[in-house]
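The values are calculated or read from the model by the stated rules, or taken from the named source; none is laboratory data. Quick caveat: nothing in here was measured; it's all calculated off a predicted structure. Glycine gets a Cβ as well: all are built from the backbone with ideal geometry, and neighbour counts include every protein chain shown.
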Amino acid sequence: MLKLHREGYIRLPDKRNNPNNPFINRKKPAKIQIDQTKIKAGLAQIKPIEIKQVRNTPHEKLFNSLIEYHHYIGFCHPVGEQLKYMVFANKRPIACFSWSSAPRHIGARDRYIGWTKKDRDKNLSLMAYNSRFLILPWVQVDHLASHLLGIMARNISKDWEAIYNHPIFFLETFVDTQRFLGTCYKAANWQYLGDTTGRGKNDHTKKPNRSIKAVWGYPLSKNFRSYMRA
């Protein structure tokens with residue numbers, strides 16, 4: 001009806017008010033102060049490490065705050081299906097992960113999986129996108145990043161299924177090549193799949209309008225292609 005109104009075919013009554021849309025007008029996460037004493041140790045010295053899924057829990061506000069004020073991109077509400085994790089050592093937060101629904105079309109990833117557009121439209125929910133990975137800046141622990149990625153890969157599918165009633169078979173992320181080399185993903189046996197085009201999903205110019213990202217992927221099953229191309 002709005003489209004017909006805008007094109008002049010019908011006339012709708014004037015709007016009476018403009019209710020707030022919380023999904024568009026989101027407030028910036030409040031800054032929460034935590035202990036920032038430097039942690040400089042070996043991986044064995046901070047074990048046991050505890051990883052908690054914190055979405056819809058009292059820890060979610062702290063997660064959002066840490067991402068907003070300590071991740072170089074900041075906080076952005078994840079899209080679609082999503083999980084948020086905080087990592088603790090001796091009850092202190094040391095890292096954060098957010099995972100969300102995967103972008104619709106990524107050429108390098110789609111070629112690697114080898115699926116058709118029909119397969120992708122049907123099975124895109126069988127993969128998850130690592131939208132944020134933050135090790136807090138005062139935490140200096142060798143090999144921590146790759147160690148945490150390994151734990152995530154072993155556990156995320158069953159966590160996803162517990163909440164969304166389906167497993168996932170593939171993980172992906174993007175690494176800004178102007179800032180990072182993707183070393184921790186490589187150390188955790190993720191595979192470099194290629195680069196993005198530097199264009200957004202709604203681009204019509206066919207020219208790069210943002211930084212090029214390296215695409216990294218991690219299959220969670222030897223038979224992941226048979227599930228994702230089913």
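Results, tabulated for the structure shown:
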quantity	calculated
Residue in region 94-109 that is surrounded by 17 or more Cβ atoms within 10 Å (Cβ to Cβ), of a type in the set (Phe, Trp, Tyr), closer than 30 Å to Lys40 by Cβ and in contact with a strand residue (DSSP E or B) (Cβ under 6 Å, 6 or more places away or on another chain) present	yes
Residue that is modelled with the lowest pLDDT [pool: residues in region 68-91 that are out of contact with any Ser or Thr (no Cβ under 7 Å at 6 or more places or on another chain) and β-branched (Val, Ile, Thr)]	Ile73
When residues of region 125-161 are limited to those that are loosely packed, with under 14 Cβ neighbours inside 10 Å and of a type in the set (D, E, K, R), the one nearest to Glu81 (Cα to Cα)	Glu161
Among the candidates Asp176, Asp142, Asp159, Asp119, residue that is under 18 Å from Arg229 (Cα atoms) and of a type outside the set (A, V, I, L, M, F, W, C)	Asp119
Criterion: exposed (fewer than 13 other Cβ atoms within 10 Å of the Cβ) and within 24 Å of Gly80 (Cβ to Cβ) - qualifying residue of Lys122, Lys117	Lys117
Scan of region 44-67 for residues that are over 20 Å from Ser146 (Cβ atoms) and β-branched (Val, Ile, Thr), ordered by number	Val54, Thr57, Ile67
Strands (runs of 3 or more DSSP E) wholly inside region 42-161 containing at least 1 residues that are small (Gly, Ala, Ser) and in contact (Cβ under 8 Å) with a residue 40 or more places away in the chain	82-89, 92-101, 127-135
Qualifying residue in region 68-76 (condition: among the hydrophobic types (A, V, I, L, M, F, W, C) and within 23 Å of Ser125 (Cα to Cα))	yes
